[in-house]
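The values are calculated or read from the model by the stated rules, or taken from the named source; none is laboratory data. Given the structure is predicted, the values throughout are model-derived calculations rather than measurements. Quick reminder, even Gly has a Cβ in these numbers, built from the backbone with ideal geometry, and neighbours come from all protein chains shown. Surface accessibility is based on the protein's heavy atoms, side chains included, excluding ligands, DNA and RNA. Shrake-Rupley method; radii C 1.70, N 1.55, O 1.52, S 1.80 Å.
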Amino acid sequence: MGDKLFHKKKALASRREKTRKLRRILIVCEGEKTEPNYFKAFPENPEVYDEIDVQGTGYNTVSLVKKAIQIKSEAERKKEPYIETWCVFDKDSFSVEAFEKALALAAKKENQIKCAYSIEAFEIWYMLHFEFYNTGLSRDQYKEKLSALLKKPYQKNSAEMYSVLKNKQANALKNAEKLYGIQSQKPIKEQNPVTTVFKLVARLNETQ
């Protein structure tokens, strides 16, 4: 009797597992290669999600958030919703107005999109793996400093950055959170450098 009950419960659990919806996290990136290559390299984390859907779009700020809303809505119509949607983008040379509009649009109750933004560029996240920075840099300076830190020329679209930096990720999370704590006290136009990529990385690494 006991064996029959055990196998019955096991079969029921197996059926439930098969019918359970995939827990997918959507990450919509401004860049078509740099950011997608990084996030696609994250290992599976079955305690939090089954799959990461990373899409590099070439869109920016407001247009990127609108694209994320579109993808998210289409998934919901197909009854295959994402458990979370993130936008990853840089401030770059875009206006403060466009940047703030994108953040506001993402935060709307009906959209509920989270943002992992960087000012000025995603590369500040890479640099924070090595040491704490709180000085604004140009794109050329990011490239130069990263090349020095990596001890080889930095390749912007490299598919190896996750693996190269993985053993320093805890340091990056600590440095990025510290930097955000300082910069987030200022208006957006004065936040340089800053990145909230650490929030997305922490989420992908989370254990329940």
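Rounded to whole Hz and in sequence order, give me ³J(HN,Hα) for region 191-207 from the Karplus expression 6.51 cos²θ - 1.76 cosθ + 1.60, θ = phi - 60°, writing x for Gly and Pro.
Rounded to whole hertz, the list is 7, 7, x, 6, 8, 10, 4, 4, 5, 5, 4, 4, 5, 5, 8, 4, 10.
Can you compute the helix-only [θ] at 222 nm over the chain? Use -39500 (n - 2.57) per DSSP H run of at least 4 residues, normalise by all residues, nearest 500 deg cm²/dmol.
Working: 9 runs with 100 residues, N = 208.
Only helices count here, giving -14500 deg cm²/dmol.
Leaving out ligands and nucleic acids, note down the accessible area per residue over the chain with a 1.4 angstrom probe, in whole Å². Show your work: numbers first, answer last.
On the way: 11730 Å² over 208 residues.
Dividing the accessible area of the chain by its residue count gives 56 Å².
Of the accessible area of the chain, with the probe set at 1.4 angstrom, what percent is carbon plus sulfur?
Percent of accessible area from carbon and sulfur atoms in the chain: 50.
At most 11 other Cβ atoms within 10 Å and a DSSP loop assignment: could you name the trypsin sites (Lys or Arg not before Pro) in region 46-134 that fit?
Working: sites: K66, K67, K72, R77, K78, K79, K91, K101, K108, K109, K114; in loops: K78, K79, K91, K108, K109.
In loop regions of region 46-134 (DSSP not H, G, I, E or B), the sparsely surrounded trypsin sites (Lys or Arg not before Pro) are K78, K79, K108, K109.
According to a simple spin-label model (label point 7 Å from Cα along Cα-to-Cβ), what is the distance in nm between A41 and K108?
It works out to 3.6 nm between the two label points.
GNM on the chain, C-alpha springs below 10 Å: top fluctuator among F89, F132, F39?
F132
Measure nothing fancy, just the Cα-based angle from helix 169-183's long axis to the longest principal axis of the chain, in degrees from 0 to 90, nearest 10.
Relative to the chain, helix 169-183 is tipped by roughly 60 degrees.
For region 98-111, in order, what is each residue's ³J(HN,Hα) by Karplus, 6.51 cos²θ - 1.76 cosθ + 1.60 with θ = phi - 60°, in whole Hz (x at glycine and Pro)?
Whole-Hz 3J(HN,Hα) from phi for region 98-111: 5, 5, 5, 5, 5, 4, 5, 5, 5, 7, 4, 4, 6, 9.
Given H placed 1.01 Å from N in the peptide plane, which residues other than close sequence neighbours of R23 have an amide H under 5 Å from its amide H?
Result for R23 returns D50, E51.
Run through region 25-69 and list the GluC sites (Glu not before Pro) located in a DSSP loop whose Cβ has at most 16 other Cβ atoms within 10 Å. Write out the running numbers ahead of the final one.
Numbers: sites: E30, E32, E44, E47, E51; in loops: E30, E32, E44, E47.
Qualifying residues, ordered by number: E32, E44, E47.
Using the charge dipole of the chain (Lys, Arg: +1 at Cβ; Asp, Glu: -1 at Cβ; taken about the Cα centre), state which of S118, Y154, L64 has its Cα farthest towards the positive end.
The one lying farthest along the dipole's positive direction is L64.
So what is the relative contact order for the chain, in percent, with contacts set as C-alpha pairs under 8 Å and at least six apart?
Working: 326 pairs, mean separation 45.5, N = 208.
Contact order relative to length: 22 percent.
Nothing charged except the Cβ atoms of Lys and Arg (+1) and of Asp and Glu (-1): what's the magnitude of the dipole of the chain about its Cα centre? Round to the nearest 20 debye.
Working: 38 positive and 28 negative charges, 206 e Å.
Dipole about the Cα centre, nearest 20: 1000 debye.
Expressed in nm to one decimal, what extension gain is obtained for the pair E177 and I83 from 0.36 nm per residue of sequence separation less their Cα-Cα distance?
Values: separation 94, 0.36 × 94 = 33.84 nm, distance 2.40 nm.
Extending this stretch completely gives an extra 31.4 nm.
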